[in-house]
Each structure stands twice: as C-alpha cells, then as structure tokens.
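Visitor: Structure incoming, see below.
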Amino acid sequence: PGHDLIELTDKMESFTGEFLRSLRDIDGFILKSKSPSCGVSNTKVYRNPEGKEFYSKGKGFFAMRVLENFQDLPVEDEGRLKSPELREHFLTRLFALADLRESTGRMQEVSELMEFHQRYKYLLMAHSQVKLKAMGRLVANAKMENFRETLEEYRRLFIEALKRRPSVGQHVNTIIHIFGHLSKNFNPQEKAHFMRLVENNRGGKIDRKILLEFLRSYAYRFENQYLMTQTYLQPYPEDLQN
C-alpha cells in the first residue's frame, strides 16, 4: 500500500560512501538548500519515521557525510550563498584552495613556494595574521631536504587560515597595508580622501569593492608588479563578483 514505509538508510549510506570515495580534485561543495539529503543546516528532522512529528532543523544525510569527510573544504547550500558575505568567503576559499592544490602539486623548488606565498600575503593577512607569520617563518626556513614536509605543513596552515571569515577591521587593516605601497604617489589631499573612504567602509557606508577597485586601478597605473599579483585584490574571477 501507499502508506508502507521503506527503509532507505542503508542504501543512502552505501551510495554516499561510494560516491564520495570516487571524487578526485574536489575543492568545495554547493548543496541543495532544504533538501532532506543535502541541506547543510535547514533540513527538517522528524521524531518518527512517519514524518508526522517535527523535531528540529539540522543537516541532511548526504551533507553530514560531506562535512565529515571533507572538513577542510568550503561547503555551503545554495540558499546561504545568497548572502554576499557568505558567497564572497565561499568563493575566496574555493579558488584559493584550488590554486593551492594545483600549485603545490607541481612545485619542485623552494622558490616556487616563496612565489606562491608572496601572491597570497595580503589574503592571508586579512584572514589571520598569526597564521601568516607562522607561514612566513616556514617558507623562510624551507630547505630542499625537507621540502615535502614543509609543503604539507604549509597546506595545513593555509587551509586553517582561510576557514574563518575576516572581520571588517581585518579587511581595513589589510587595505591600509596595501595602500602603503602606493601612497608615495599621492599628495596629502589624495591620501586623506582615501582614508575617508576607508572609514566610510568601516562604518558600512560604502562597499569594500570600491576600495579594492581603487587599489587595483592604481596598481596598474603605477605598474606595481607586487600588488598586481596579489590575490586579495581579486580572489576569484570578476564574472562571479555579482
């Protein structure tokens, strides 16, 4: 009859395990919002198998297994990605971790790790100055005889650094540091104007994108190669900005 209950847990467990084990070169997950299997935080959970007594909201079955097996990767559902802050953090982590995976996978020299770390200096600064300093020491002391171990520790610190979303204050601090590379090109009035923009951003009056566009434009204008390579100024493709 149509009201008979079918136990699907074992089948779902088997499918999920097999599917997740088959994945290669994965850098993040976007799951279906409110799905019984894929919801990250808003799946309805019931006390009984008939689904008559609502208990709470939680994670879907598939989502739980993803979070258990891929603890280092960004995982979000499509609904939460409507939030600009969550979407920015998700995309920043996604593209940074993909770059980390691909770049470290082909590194043969300490100089290549130094170049990678240099590109990510300000992105890491925005997320964690403590981790940035630890990674800086690690790279500075890297030797070829323990290069693989150094890479593993670098990956671990990089992944941990990006897990927490930066605060407004952390972003402001990073932006001021970057502006320091350009400030000698501006007169006092121009510097004061930029700092007013920074304070307006701190107070929520203007979007941080305005400051990043300003810095990116002047990095190109003054041909500042160091800033032009900084992933913080454009952590993911421009087409995904909106």
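Visitor: I'd like the distance between the alpha-carbon centres of region 116-145 and region 60-88, rounded to an integer number of Å.
Guide: Taking the Cα centre of region 60-88 as reference, the centre of region 116-145 is 26 Å away.
Visitor: With a ≥ b ≥ c taken as the square roots of the eigenvalues of the C-alpha gyration tensor of region 160-235, please select rounded if a/c is under 1.5 and otherwise prolate if a/b is larger than b/c or oblate if it is not?
Guide: Values: a/c = 2.08, a/b = 1.18, b/c = 1.76.
Oblate is the answer for region 160-235, as a/c is 1.5 or above yet b/c matches or exceeds a/b.
Visitor: Further question on the same structure: Mind running the shape call on the chain? Use the C-alpha gyration tensor, a ≥ b ≥ c as the square roots of the eigenvalues: rounded below 1.5 for a/c, prolate if a/b tops b/c, oblate otherwise. Kindly include the intermediate steps, with their values, before the conclusion.
Guide: Values: a/c = 3.14, a/b = 1.65, b/c = 1.90.
Oblate.
Visitor: Additional query: Given 0.36 nm per residue, what is the gain on full extension from N173 to K205 after removing their alpha carbon distance, in nm? The partial results should precede the final answer.
Guide: On the way: separation 32, 0.36 × 32 = 11.52 nm, distance 1.73 nm.
Stretched out fully, the N173 to K205 stretch lengthens by 9.8 nm.
Visitor: Right, something else. Putting +1 on Lys and Arg Cβ atoms and -1 on Asp and Glu Cβ atoms, find which of A219, G180, L151 reaches farthest to the positive end of the dipole of region 134-242.
Guide: So the residue we want is G180.
Visitor: Testing the spin-label approximation: label points 7 Å from Cα along Cα→Cβ at E112 and F19. State their distance in nm.
Guide: 3.5
Visitor: Going through the cross-link list K34/K133; K133/K191; K59/K205; K32/K121; K32/K205; K34/K131, which pairs have a Cα-Cα distance over 31 Å in this structure?
Guide: Numbers: K34/K133 40 Å; K133/K191 28 Å; K59/K205 36 Å; K32/K121 34 Å; K32/K205 33 Å; K34/K131 35 Å.
Pairs exceeding 31 Å: K34/K133; K59/K205; K32/K121; K32/K205; K34/K131.
Every number in this text was worked out from the coordinates using simple rules, so none of it is lab data. Computed from a predicted structure; not experimentally measured. Glycine also receives a Cβ, built like all others from the backbone with ideal geometry; neighbour counts cover every protein chain displayed.
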